[in-house]
Amino acid sequence: MNEISEKSYAKVNIFLKISNKREEYHELVSRFVRVHSLFDTISFVKSSRKAFSIIGNFSCKMETNTVYKAYKLLEKYDGVDEFFKNHSVKIEKNIPEFAGLGGGSSNAATFLIMTNKICKLNLSKDQLCNIAVKIGADVPFFVYEYDSANVTGIGEIVEKFDEEILNIDTITPNIKCNTGEIFKVFRENFYKQISKKEADKLLKMKSIEILDSLNIKEANDLYEPATSVYPKLEEYGQIGWYFSGSGSSFFKVNNVK
Ligand SMILES: C[C@](O)(CO)[C@H](O)COP(=O)(O)OP(=O)(O)OC[C@H]1O[C@@H](n2ccc(N)nc2=O)[C@H](O)[C@@H]1O
Ligand SMILES: Nc1ncnc2c1ncn2[C@@H]1O[C@H](COP(=O)(O)OP(=O)(O)OP(=O)(O)O)[C@@H](O)[C@H]1O
């Protein structure tokens, strides 16, 4: 076999509320949904480079690429180092970066899943999740490959949510949102915590019902801090559109109730 390929999907946060602080991080209560129409493609292709390599257009250096971080966490397993001496990782990017669509996190998770399979590591989803949290808060969601899930903790608790597949449109303004900065401004100027009662209620509701009952500010606790840092974002906050993660993307769900 010369090449294997998998899709690496984007996500949106149907709602995103903060429930607590955990040291420098924030615990969230969120519904994550995969966007079927937006994905990168990751392939393992034969190579004679004799060292781990990534082929693709990235704004970051190799050492900070989430796929490289995932490789470093798997290289101690039998056969992984040898496999990537003879194969390069090719990533065709479609998911915009710094967009709140989880592109880097998704790529890392797809890499973990593909390497687990091709190198026959036999790691369970829960074991892969323990590795995923070391790469980033959004990586565990993508490891489970659910179309829709409730995500809590700082991203490590992922529970499947059964609902119809959502038809989602996204727009990504040309604004690079810095996730760390937005959480910092949230903590300093906008801090609030969702109550357990309100969180339990949202976690039981279907995504389209949640969006029907909340406006853009109510659905995402990071929208106001994000617009305070990047005021131009407000030009995109039209009725019917919602804000994903720490931005800059907005999304709309086309399914009808
Ligand atoms: C906002 C979301 O996109 C929602 O899906 C994620 O929670 C962000 O996840 P991510 O981009 O993978 O974020 P990371 O790369 O892990 O963290 C970047 C920075 O954001 C802040 N951060 C991130 C996640 C979180 N739950 N609380 C935080 O306070 C931290 O300062 C951290 O240093
Ligand atoms: N495989 C990758 N794909 C895209 N960006 C990557 C990757 N690896 C590292 N990065 C770097 O990660 C940062 C942002 O990544 P990403 O595009 O996943 O952020 P995001 O859209 O803000 O995601 P999130 O929804 O998790 O906040 C940029 O600095 C980018 O260069």
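The values are calculated or read from the model by the stated rules, or taken from the named source; none is laboratory data. No experiment lies behind these values; they were computed from the predicted model shown. All Cβ positions, even for glycine, are placed from backbone atoms using ideal geometry, and neighbour counts span all protein chains on display.
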statement: Exception for K217 within (1) assigned to a helix (DSSP H, G or I); (2) over 14 Å from the mean Cα position of the chain (by Cα); (3) farther than 22 Å from K252 by Cα; (4) not hydrophobic (A, V, I, L, M, F, W, C) falls at (3)
query: Can you tell me which residues in the stretch 153-165 are within 16 Å of ligand 2 (Cβ to nearest atom) and at negative phi?
result: I154, E156, V158
query: Given the structure, is F58 of a type outside the set (K, R), within 21 Å of M114 (Cβ to Cβ) and touching a His at 6+ places or on another chain (Cβ under 6 Å)?
result: no
- prompt: Is at least one residue of the stretch 116-124 out of contact with any strand residue (DSSP E or B) (no Cβ under 6 Å at 6 or more places or on another chain), more than 23 Å from V45 (Cβ to Cβ), part of a helix (DSSP H, G or I) and not aliphatic (A, V, I, L, M)?
  reply: no
- prompt: Of (1) away from ligand 2 (no atom under 16 Å from the Cβ); (2) among the basic types (K, R); (3) free of Cβ contacts under 8 Å to residues at least 60 places away in the same chain, R187 satisfies all except one. Which?
  reply: (3)
message: What are the pairs with Cβ atoms under 7 angstrom where one residue, in the stretch 194-208, is part of a helix (DSSP H, G or I) and the other, located anywhere, is surrounded by fewer than 18 Cβ atoms within 10 Å (Cβ to Cβ)? Sequence gap at least six, or different chains.
response: S207/E163; I208/N255; I208/K257
task: Please determine, by comparing only the residues of the stretch 226-257 that are among the hydrophobic types (A, V, I, L, M, F, W, C) and within 16 Å of ligand 2 (Cβ to nearest atom), which one is surrounded by the fewest Cβ atoms within 10 Å (Cβ to Cβ).
output: V229
message: The conditions are (1) within 13 Å of ligand 1 (Cβ to nearest atom); (2) surrounded by fewer than 21 Cβ atoms within 10 Å (Cβ to Cβ); (3) assigned to a loop (DSSP other than H, G, I, E, B), and G100 fails exactly one of them. Which is it?
response: (2)
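Part of a loop (DSSP other than H, G, I, E, B) and at pLDDT 95 or above, is that true of D162? Give the steps one after another, and end with the answer.
Values: part of a loop (DSSP other than H, G, I, E, B): yes; at pLDDT 95 or above: yes.
Here the answer is yes, as D162 does meet what is asked.
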task: Could you grab the pairs with beta carbons closer than 9 Å, sequence gap of 6+ or different chains, first residue in the stretch 151-162 and within 13 Å of L28 (Cα to Cα) and more than 8 Å from ligand 1 (Cβ to nearest atom), second one in a strand (DSSP E or B) and small (G, A, S)?
output: T152/S19; T152/S30; V158/A149
